[in-house]
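Novice: Mind looking over this structure? Questions follow.
The values are calculated or read from the model by the stated rules, or taken from the named source; none is laboratory data. None of the values given here were measured: they were computed from a predicted structure. When we count neighbours, we look across all protein chains shown, and the Cβ atoms used for this are built from the backbone with ideal geometry, even at glycine. Accessible surface is based on the protein model in full, side chains and every heavy atom, while ligands, DNA and RNA are left aside. Shrake-Rupley method; radii C 1.70, N 1.55, O 1.52, S 1.80 Å.
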Amino acid sequence: QYSPSLSEKTGSEGYLKLENFQVTGSFKARGAANKLMILSKDKPERIITASSGNHGSAVANAAAELGLEVLIFLPKTVSPAKLNKIKLFGAEVVLTEADGRTDAETAARAYADENKFPYLSPYNDLDVITGQATTAAEVLKENKNFDAVFIAMGGGGLISGMGGYLKQKIEEIRVIACSPENSAAMHHAIEAGRIETIEHLETLSDGTAGSGKRRTGTGFCSGSSPAWR
């Protein structure tokens, strides 16, 4: 959607991909649905995942549609609105401390391994990344004349999917990762070329905030990384 205010501020033609109108309020619905449809073929007893909120809502919604049982690990700092949305979809949740040692992802992976349940990563999974790539496919159906695309980057799933697809279609396009300055775990990990532990401060962008050690996974970015607080 064309944005007059963004265009005026940047001196360019600016467009927004309004994933806030997605079924669960974010792009996460795409990757979660794609992965759960694939996992459902094996009829798992239970599927485990971890989330800061948006991925959890997406998994809970897709699981309800497919008749699957999921257990979602969330940090105790999850926003009440996101927690309530997940519960409304009927998913079971576990709240964990998010201190970098016993964060939600670590706890979820350990539980899945111990109980032999499949673990669904919010970002470090090719099927999830492929689902997120459909965002870019829709963008290019509307407009192919982009010089640059700015993509929010938390764990890297969205920018991996969108960036990979866009670069295949428009080789010269700039794909620019955007992370909150106060909690840019993936940005620092890519810059260092290894998993990094950084200090995480409060940010309005809770969906892209890091937590303890952030795995670099299959994420990538090119260009610079502008940030917001």
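Novice: Just name the residue that is modelled with the highest pLDDT out of those in region 190-217 that are more than 13 Å from the chain's Cα centre (by Cα) and small (Gly, Ala, Ser).
Specialist: So the residue we want is GLY193.
Novice: What's the number of the condition GLY157 fails, among (1) open to solvent by 10 Å² or more (accessible area, probe 1.4 Å); (2) under 15 Å from LYS35 (Cα atoms); (3) modelled with pLDDT under 95?
Specialist: Evaluating GLY157 over (1) open to solvent by 10 Å² or more (accessible area, probe 1.4 Å); (2) under 15 Å from LYS35 (Cα atoms); (3) modelled with pLDDT under 95 leaves (1) as the failure.
Novice: What are the residues in region 86-116 that are open to solvent by 40 Å² or more (accessible area, probe 1.4 Å) and either within 21 Å of MET37 (Cβ to Cβ) or in contact with a Leu (Cβ under 8 Å, 6 or more places away or on another chain) (or both), if any?
Specialist: PHE89, GLY90, GLU92, VAL94, LEU95, TYR111
Novice: Hey, another quick one. Need the failing condition index for GLU172 against (1) of a type outside the set (Gly, Ala, Ser); (2) modelled with pLDDT under 95; (3) in a loop (DSSP other than H, G, I, E, B), just the number.
Specialist: (2)
Novice: Quick one: which of GLU181, GLU202 is more than 18 Å from LEU16 (Cβ to Cβ), open to solvent by 50 Å² or more (accessible area, probe 1.4 Å) and out of contact with any strand residue (DSSP E or B) (no Cβ under 8 Å at 6 or more places or on another chain)?
Specialist: After ruling out the rest, the residue left standing is GLU202.
Novice: Next question, about the same structure. Before we move on, is ALA137 among the hydrophobic types (A, V, I, L, M, F, W, C) and either within 19 Å of the chain's Cα centre (by Cα) or farther than 19 Å from THR49 by Cα (or both)?
Specialist: yes
Novice: Further, regarding this structure: Condition first: modelled with pLDDT of 90 or more, in contact with a strand residue (DSSP E or B) (Cβ under 8 Å, 6 or more places away or on another chain) and aliphatic (A, V, I, L, M). Now tell me which residues in region 79-110 satisfy that.
Specialist: LEU83, ILE86, ALA91, VAL93, VAL94, LEU95, ALA104, ALA107, ALA108
Novice: Which of (1) surrounded by 19 or more Cβ atoms within 10 Å (Cβ to Cβ); (2) at pLDDT 95 or above; (3) on the phi > 0 side of the Ramachandran plot is the odd one out, the single condition GLY53 does not satisfy?
Specialist: Here GLY53 clears every test but (2).
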